[in-house]
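Colleague: There's a structure below that I have some questions on.
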Amino acid sequence: MQVQQTDRMSTAVRAARELAASQGSPELFTIHLLTVLSAQNDSTFSALLVANDVDLEAFHEFSANRSRQMIPPTSRKSADAIRPSGEHASLLEDAAAEMAEIGDSRLGTEHVLLAALKYRPGKGAWAVFGLSYPPVRKSLDAIRKNTAV
């Protein structure tokens with residue numbers, strides 16, 4: 001099933017593919033998307049990080065460094081040739097489930113963050129920056145004030 005994405009999410013996925021291609025990554029990994037999302041100062045993703053006392057610049061730096069360190073470079077491909085890794089595809093499926101649970105009709109950056117926290121708690125950046133699902137979900141409710149996407 002194809003899930004409709006917000007414009008910001010579509011832009012982020014394209015930019016993440018371009019980042020993966022520029023790093024010579026064989027696939028699009030979640031860390032590429034997190035790096036791109038944390039660079040968007042005006043996204044709901046970033047607003048949720050800031051609302052939970054995360055230094056956005058430090059998070060972006062952490063993500064960018066991880067993306068460069070953990071992915072073995074291969075021959076460079078065009079961004080269009082980069083396909084999602086299994087773990088990235090799984091995260092997007094989890095994000096779509098989160099979107100449906102919240103009652104939204106389009107996949108946004110906040111759904112990616114919530115899904116990562118819910119289904120991959122205590123790993124990587126989440127552990128380093130002390131993030132967990134319940135407070136971030138509560139922050140989303142406060143930011144949105146009962147509106148949906």
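The values are calculated or read from the model by the stated rules, or taken from the named source; none is laboratory data. It should be emphasised that the depicted structure is a prediction, and the values quoted were computed from it without experimental measurement. Cβ sites come from the backbone with ideal geometry, for glycine too, and all protein chains shown count toward neighbours. Areas reflect the complete protein model, heavy atoms only, side chains present, ligands, DNA and RNA absent. Shrake-Rupley method; radii C 1.70, N 1.55, O 1.52, S 1.80 Å.
Colleague: Go through the stretch 119-131 residue by residue and tally those that are part of a loop (DSSP other than H, G, I, E, B) and under 18 Å from ALA97 (Cβ atoms). Can you show your working first?
Modeller: First pass over the stretch 119-131, keeping only residues part of a loop (DSSP other than H, G, I, E, B): 120-123, 129-131.
Now restrict to residues that are under 18 Å from ALA97 (Cβ atoms): 120-121.
So the count comes out to 2.
Colleague: Show me the helices (runs of 4 or more DSSP H) found entirely inside the stretch 28-73 where at least 3 residues are charged (D, E, K, R) and open to solvent by 40 Å² or more (accessible area, probe 1.4 Å).
Modeller: On the way: elements: 30-39, 44-51, 56-70.
Answer list for the stretch 28-73: 56-70.
Colleague: In the list GLY86, GLY103, which residue meets the criterion of being exposed (fewer than 13 other Cβ atoms within 10 Å of the Cβ), more than 16 Å from ALA16 (Cα to Cα) and small (Gly, Ala, Ser)?
Modeller: Just one listed residue meets the conditions, GLY103.
Colleague: Hey, another quick one. Any idea which of (1) farther than 22 Å from THR11 by Cα; (2) in a loop (DSSP other than H, G, I, E, B); (3) of a type in the set (S, T, N, Q) is the one SER105 doesn't satisfy?
Modeller: (1)
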